[in-house]
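Below: one structure, written as structure tokens.
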Amino acid sequence: MIDSSIKCLNRLDKQLCLTHLPNLFQTFMQSLSVSHHKNVHLAITNCLCTTLEKCVEPNIQLLIEDLNRSAENKKSILYKLFTHIESGLSYQFHSVWIFVMKIIACAFTSFKHPQTFIIVDKCIRSLANLRESEQFDYKKEADLAIGRAVQNYGPKLVIDCIPLGITGEE
């Protein structure tokens, strides 16, 4: 229902829709972290992924213009939006990381523009670090998200930001 409302707002007034997305994502990510019901997790994940696909991806150029106009990246809509998504990598979300990984993968697809890499690079590093920890149970999902980053930003950018630990002595 909410994703339908957001898509309708996007059709009527793109700028108004985009300015409200950070608040929507903040609310949904908070709800994702506190809910104990899988149905709620699925609904939030589907809503956020649909919103990224239908509202962010088609308007990426407007969001890039906003990013370029912002004196600091932290004030841009894209930065605020991705900060809320990236917050899902904190331990507070560990019980729903499987859903967070899907949302991050959707974000990498929707943000696919070279200028957005400065916003997502820290998240890619965090994903890679999480994936390497022995206690992390969602390696397959992290691989999928990192794979989406490679697919949308190219292998060079992604490999440059992930420490591979190659010394040349092996």
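Report the residue, chosen from SER95, SER133, SER31, that carries the largest GNM mean-square fluctuation when the chain is represented by alpha-carbon nodes joined by springs under 10 Å.
SER133
With a 1.4 Å probe and every protein chain left in place, work out the accessible area per residue of segment 53-153 in Å², rounded to a whole number.
Counting only protein heavy atoms, the per-residue value for segment 53-153 is 50 Å².
Taking the Cβ of ASP66 as the centre, find all other residues whose Cβ is under 13 Å away and add up their charges (Lys, Arg: +1; Asp, Glu: -1).
+3
Of the accessible area of the chain, with the probe set at 1.4 angstrom, what percent is carbon plus sulfur?
After summing per-atom areas, the C and S share lands at 55 percent.
Go through segment 38-44 residue by residue and turn each phi into a ³J(HN,Hα) via Karplus (6.51, -1.76, 1.60, θ = phi - 60°); whole Hz please, and just put x for glycine and proline.
Going residue by residue, I get 4, 4, 5, 4, 5, 5, 5 Hz, with x marking Gly and Pro.
Return the calculated 222 nm mean residue ellipticity for the chain, to the nearest 500 deg cm²/dmol, obtained by summing -39500 (n - 2.57) across DSSP H runs with n ≥ 4 and dividing by the residue count.
Helix-only estimate at 222 nm: -22000 deg cm²/dmol.
Are there any GluC sites (Glu not before Pro) in segment 54-146 that are in a DSSP loop and have at most 11 other Cβ atoms within 10 Å? List them by number.
Of the GluC sites (Glu not before Pro), the ones in loops of segment 54-146 whose Cβ has at most 11 other Cβ atoms within 10 Å are GLU72, GLU134.
Let me confirm the definition first: pairs of Lys residues in segment 12-98, 8 or more apart or on different chains, C-alpha distance under 23 Å. How many are there?
Number of lysine pairs found: 6.
What is segment 1-58 by shape, rounded, prolate or oblate, if you read a ≥ b ≥ c off the alpha carbon gyration tensor as root eigenvalues and call it rounded for a/c under 1.5, prolate for a/b larger than b/c, and oblate otherwise?
Prolate.
Averaged per residue, what accessible surface does segment 1-40 expose to a 1.4 Å probe, in Å²?
65
What do the square roots of 5 times the Cα gyration tensor eigenvalues come to for segment 92-148, in whole Å, largest first, as semi-axes of the equivalent ellipsoid?
For segment 92-148, the ellipsoid semi-axes come out as 20, 12, 9 Å.
Rounded to whole Å and sorted largest first, list the principal axis extents of the Cα atoms in segment 25-170.
47, 40, 23
Quick check on packing: order 76-84, 4-12 by the mean number of other C-beta atoms within 10 Å, highest mean leading.
76-84, 4-12
Does segment 19-86 come out rounded, prolate or oblate by the C-alpha gyration tensor, with a ≥ b ≥ c the root eigenvalues, rounded set by a/c under 1.5 and, if not, prolate when a/b is larger than b/c and oblate if not?
oblate
The values are calculated or read from the model by the stated rules, or taken from the named source; none is laboratory data. Keep in mind that this is a model prediction, so the values were computed, not measured. All Cβ positions, even for glycine, are placed from backbone atoms using ideal geometry, and neighbour counts span all protein chains on display. Heads up: the accessible areas ignore ligands, DNA and RNA and are worked out on the full protein's heavy atoms, side chains in. Shrake-Rupley method; radii C 1.70, N 1.55, O 1.52, S 1.80 Å.
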